[in-house]
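**Q** Quick one: the structure is below, questions incoming.
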Amino acid sequence: MKRRDFLKTAGFSPAVFPARSGPSPTMESRFPYGGIPGKIWAIRLDAFGFHEKVLLACMQGLVNSRDTRIYLLESERDQFWLDIYQKEAGFQILVVKSLTELLTMSAPEWKEYVLYDPQRPHSLNLATMLGAIHRVLPVSRDLEHLVKPFLRPSRLDAIRPAENRISAYRWALSELRPQCCPTLLAQLCVHEPHWPTSTWTNRDYVIAHKLFCFDLSTSERDKEDYRLVEEIYKSYPPETVVLGWHCIRDKEHEAIALSSRHGHFGLCSLHTPNLTVHTSVRSSFGQVYRQPEKKDIPLEEKVYIAFMDTDGDASWFMLDLAVRDWKHPLHGKLKYNWGFLPLAYDLMPGVVDYYLKNQLETDYFVAGPAGATYTYPHLHPEPSRFLRLSQEYMRRCGLAAVHITNWDDRDWWQEVDLPGFPALLCRHMPRCQGFLRGMGESVFEANYLDSCKPYVFFGEGIHANSDVLGTLRDFIDANPNRPLFIFCLVNHTVPQDRIQEALDRLSDSRIVPVHVDELLKLVQNARRKGKIPRGLYPHPDGNRNLLKGEARQAWPRFHREVGELGRDLQSGDAAYAESLHKTPVGLEPIPSADALAFQVIWKSMELVKLSLEARGIYVNHKPSARKRFVREFRRIPDVELTAELEKLWGEWHRTDITYPFAHGLANRMIRLTERIHQSVFTHPA
């Protein structure tokens, strides 16, 4: 079924609105949406627990699938956007004071409910899909008493199939997947109270538009989960968008890498309520935007820093920015770069319209990572499809710079180095002023300055617990060349005043905050004038000293964790299994042998990295680093263990691991760690 036909059969119109500053005759939304609200029933969530909030979100989805009416007020930002939308669309707002009142008002929309059991958490996702397909309300077994006066129980069963998560989602893939939306998926965590369960806020949209939803680990440690997620992804066409966020048992990079390998796109929508409303307020849809034009900055012997806030690719960031960073008293005084989600053009057009009409001269928006939305393009079967899509959505949003991420944790610690990738960017994203790469920071990674536009790696980063002044001062001192260009990624939790305070204390007029487009132009100009003949950071000695210091700072934590593993293993197999259950890894059954072998492999990678960097040797590619490690520490007994673990990692999915085998590898890794500790880290640098 074609997308346009799907939108028609789903009851939604891919309406095209006239552009205000440029025609867009073929624009249509990648996200189905409802009608612009005529009246809103708003209810505050302050007094509700998790499963009551889930119930409300599910009610919202069922009601809003026919008529956009319910809006949930979880925080200040939800009130902010409701006020913006009311001003734009002019609808009435009725404040609903209780869940019972809302049930009374909405019960005529449907007749039945389907139960899920919090003790079988995956039954929540099954009930969500059943509720969407059959228009019945998912309800926690503990809350059944609230809905009984209004609804009758359905014959649908979400609890029995959920006895085993693997069989549950296999059943759903077979029985429910054919009735679900063909171009959207959702990863919705069910392990409350862990933080990814904030994706409960997406359930209104999942129910309204019949998205297949699951909560499975994408970590290769969890082999059954991993194989099933691959089956789910294979059943969807390329360019499927995956809403929600990853499982509590895996990691961000694992989840995005696996979806990328199937040509799909991630969309981090934690803490994002009211998507059925955000997608439906569309009076601005169709407009083509422009960011304000600026005069070129003259190139001088100065330090140019572009500070860029992280997580702009996330829908929650797009909602939060206005009531957090933009309300800060410093907003408008410091040049700052904000990540921006281009697909928000379809997902929340009213939000996009607000930002691009209210940005100040100090604000600059940058697409990504990694373009239209969050993915790793180099892992895609056809990377060019995503790059072209990104160029189009950037055009609509008036974005001229893009932050591209190409991670693959399997074999790399930082961004994958792809010498041929700049040519691909030049071919498919010709409108860009330039390109940014990386998500961690390093002066040792390549900056591609001789392609059509600069392709610049993050030089430095500011983390939540960073000493901002010390970080900036040390970096600037370690790189004496001028002009000096620093692309600095700032964790979204770091307020602007910490950056400004550090700049004030540096009190150096030669330090110039700039926007990303200005930085890219300056780099291009400096390259053309021969000011950076050997790359952005031609003096490695100072940076090697910083690298050594960072490795030594990280070592005590690593050494402690390996010691804790050793103590668990000495206490016996049961003690190790018990230690797993105290972590998110143990929330679902997992073979202890796989868990232990996986842990040893990843700890050995970290051992290699910290050991080499403590000697000032920067490493990124894991197989190459392992070989260098063996050469550097050849006199230490059993360094070849790292080669055995690398081989095991390469054959991971073809190898059945026994616990005694994994236990033996772990003991050897623990002993090797202690030898490295004595040889490298008990002596001054």
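**Q** Applying the selection to region 448-470, what residues are in a loop (DSSP other than H, G, I, E, B), of a type in the set (D, E, K, R) and crowded, with 21+ Cβ neighbours inside 10 Å?
**A** Scanning region 448-470 gives a single hit, Lys453.
**Q** Among the residues of region 654-662, is any within 21 Å of Arg560 (Cβ to Cβ), assigned to a loop (DSSP other than H, G, I, E, B) and in contact (Cβ under 8 Å) with a residue 12 or more places away in the chain?
**A** no
**Q** Something else: Could you pull out the residue among Leu436, Leu399 that is in a loop (DSSP other than H, G, I, E, B), in contact with a Phe, Trp or Tyr (Cβ under 7 Å, 6 or more places away or on another chain) and of a type outside the set (Lys, Arg)?
**A** Step by step, each of Leu436, Leu399 is checked, and only Leu399 is in a loop (DSSP other than H, G, I, E, B), in contact with a Phe, Trp or Tyr (Cβ under 7 Å, 6 or more places away or on another chain) and of a type outside the set (Lys, Arg).
**Q** Give Lys295, Lys210 a once-over and let me know the one that is assigned to a loop (DSSP other than H, G, I, E, B), of a type outside the set (Gly, Ala, Ser) and on the phi < 0 side of the Ramachandran plot.
**A** The conditions single out Lys295.
**Q** Right, here's the next one. When only residues in region 443-484 that are of a type in the set (Val, Ile, Thr) and within 28 Å of the chain's Cα centre (by Cα) count, which is nearest to Phe307 (Cα to Cα)?
**A** Among them, the one singled out is Ile462.
**Q** Next up: Taking the options Leu580, Leu536, Leu612, name whichever one is on the phi < 0 side of the Ramachandran plot, of a type in the set (A, V, I, L, M, F, W, C) and in contact with a strand residue (DSSP E or B) (Cβ under 8 Å, 6 or more places away or on another chain).
**A** Leu536
**Q** Take region 72-94 and flag every residue that is outside any helix (DSSP H, G or I) and either touching a Pro at 6+ places or on another chain (Cβ under 8 Å) or in the same structural domain as Met318 (by TED's automatic domain parsing) (or both).
**A** Listed by number, the residues that qualify are Leu72, Glu74, Phe91.
**Q** Being of a type in the set (Gly, Ala, Ser) and within 30 Å of the chain's Cα centre (by Cα) is the filter; apply it to region 536-576 and report the residue that is farthest from Tyr448 (Cα to Cα).
**A** Per the stated criteria, the residue is Ala554.
**Q** Could you tell me which residue of region 84-122 is surrounded by the fewest Cβ atoms within 10 Å (Cβ to Cβ), considering only residues that are basic (Lys, Arg) and farther than 22 Å from Asp46 by Cβ?
**A** Lys87
**Q** Would you pick out the residues in region 626-645 that are in contact (Cβ under 8 Å) with a residue 40 or more places away in the chain and either in a helix (DSSP H, G or I) or among the basic types (Lys, Arg) (or both)?
**A** Within region 626-645, just Leu645 meets the criteria.
**Q** Next question, about the same structure. Name every residue in region 583-610 that is among the hydrophobic types (A, V, I, L, M, F, W, C) and assigned to a loop (DSSP other than H, G, I, E, B), in order of residue number.
**A** Across region 583-610, the qualifying residue is only Ile590.
**Q** Identify the single condition in (1) surrounded by 24 or more Cβ atoms within 10 Å (Cβ to Cβ); (2) over 20 Å from Leu55 (Cβ atoms) that Asn125 does not satisfy, given that it satisfies every other one.
**A** Asn125 satisfies every listed condition except (2).
**Q** Just one of the numbered conditions (1) buried (at least 20 other Cβ atoms within 10 Å of the Cβ); (2) assigned by TED's automatic domain parsing to the domain that holds Gln86; (3) of a type in the set (S, T, N, Q) is not true of Ser235; which one?
**A** Here Ser235 meets the rest and fails (1).
**Q** Taking region 183-210 on its own, how many of its residues are within 17 Å of Val585 (Cα to Cα) and free of Cβ contacts under 8 Å to residues at least 60 places away in the same chain?
**A** Going through region 183-210 one residue at a time, the tally reaches 1.
**Q** What number of residues within region 231-246 satisfy the criterion of being farther than 13 Å from His380 by Cβ, touching a His at 6+ places or on another chain (Cβ under 8 Å) and assigned to a loop (DSSP other than H, G, I, E, B)?
**A** Summing the residues that are farther than 13 Å from His380 by Cβ, touching a His at 6+ places or on another chain (Cβ under 8 Å) and assigned to a loop (DSSP other than H, G, I, E, B) in region 231-246 gives 1.
**Q** In region 348-389, which residues are crowded, with 24+ Cβ neighbours inside 10 Å, modelled with pLDDT of 95 or more and part of a loop (DSSP other than H, G, I, E, B)?
**A** Passing the criteria: Met348, Gly371, Ala372, Thr373, Thr375, Tyr376.
**Q** If you don't mind, another one. Report yes if Asn479 is surrounded by fewer than 16 Cβ atoms within 10 Å (Cβ to Cβ) and not aliphatic (A, V, I, L, M), otherwise no.
**A** Criteria not met by Asn479.
**Q** Say we look at region 247-262 and pick out the residues that are part of a loop (DSSP other than H, G, I, E, B) and under 14 Å from Asp409 (Cβ atoms); which of these is nearest to the chain's Cα centre (by Cα)?
**A** Lys251
**Q** So, Tyr226, is that one closer than 28 Å to Thr655 by Cβ, in a helix (DSSP H, G or I) and of a type in the set (Phe, Trp, Tyr) or not?
**A** Taking the combined requirement at face value, the residue satisfies it.
**Q** Then there's this: Mind listing just one residue for me: the one in region 73-88 that is among the hydrophobic types (A, V, I, L, M, F, W, C) and touching a strand residue (DSSP E or B) at 6+ places or on another chain (Cβ under 8 Å) and, of those, nearest to Gly350 (Cα to Cα)?
**A** That would be Leu82.
**Q** Which of the residues belonging to region 310-346 are surrounded by fewer than 23 Cβ atoms within 10 Å (Cβ to Cβ), under 22 Å from Pro196 (Cβ atoms) and touching a Leu at 6+ places or on another chain (Cβ under 8 Å)?
**A** Thr310, Trp316
**Q** Here's another thing I want to ask about it. Output the number of residues of region 462-482 satisfying the condition of being farther than 17 Å from Gly542 by Cα and in contact with a Leu (Cβ under 8 Å, 6 or more places away or on another chain).
**A** Number satisfying all stated conditions: 2.
**Q** Oh, and also: I'd like the residue in region 53-69 that is of a type in the set (Val, Ile, Thr) and more than 22 Å from Tyr354 (Cβ to Cβ) and, out of all such residues, is surrounded by the fewest Cβ atoms within 10 Å (Cβ to Cβ).
**A** The extreme case among them is Val63.
**Q** Turning to a different aspect of this structure: Do we have any residue at all in region 305-327 that's farther than 27 Å from Ser269 by Cα and of a type outside the set (A, V, I, L, M, F, W, C)?
**A** Among the residues of region 305-327, not one is farther than 27 Å from Ser269 by Cα and of a type outside the set (A, V, I, L, M, F, W, C), which makes the answer no.
**Q** Filter region 107-161 down to residues that are of a type in the set (Ser, Thr, Tyr) and part of a loop (DSSP other than H, G, I, E, B), then give me how many there are.
**A** 1
**Q** For region 48-60, does any single residue satisfy the condition of being modelled with pLDDT under 95, in the same structural domain as Leu137 (by TED's automatic domain parsing) and among the acidic types (Asp, Glu)?
**A** no
**Q** Still on this structure: Quick one: is Leu503 surrounded by fewer than 21 Cβ atoms within 10 Å (Cβ to Cβ), of a type in the set (A, V, I, L, M) and assigned to a helix (DSSP H, G or I)?
**A** yes
**Q** For region 452-471, state whether one or more residues are assigned by TED's automatic domain parsing to the domain that holds Ala372, over 18 Å from Ala370 (Cβ atoms) and in contact (Cβ under 8 Å) with a residue 40 or more places away in the chain.
**A** yes
**Q** I'd like the residue in region 416-437 that is under 18 Å from the mean Cα position of the chain (by Cα) and crowded, with 24+ Cβ neighbours inside 10 Å and, out of all such residues, is farthest from Gly263 (Cα to Cα).
**A** Here the residue is Leu436.
The values are calculated or read from the model by the stated rules, or taken from the named source; none is laboratory data. Owing to the predicted nature of the structure, the values given are computational and were not obtained by experimental measurement. Here the Cβ is made from the backbone with ideal geometry for all residues, glycine too, and neighbour counts use every protein chain on show.
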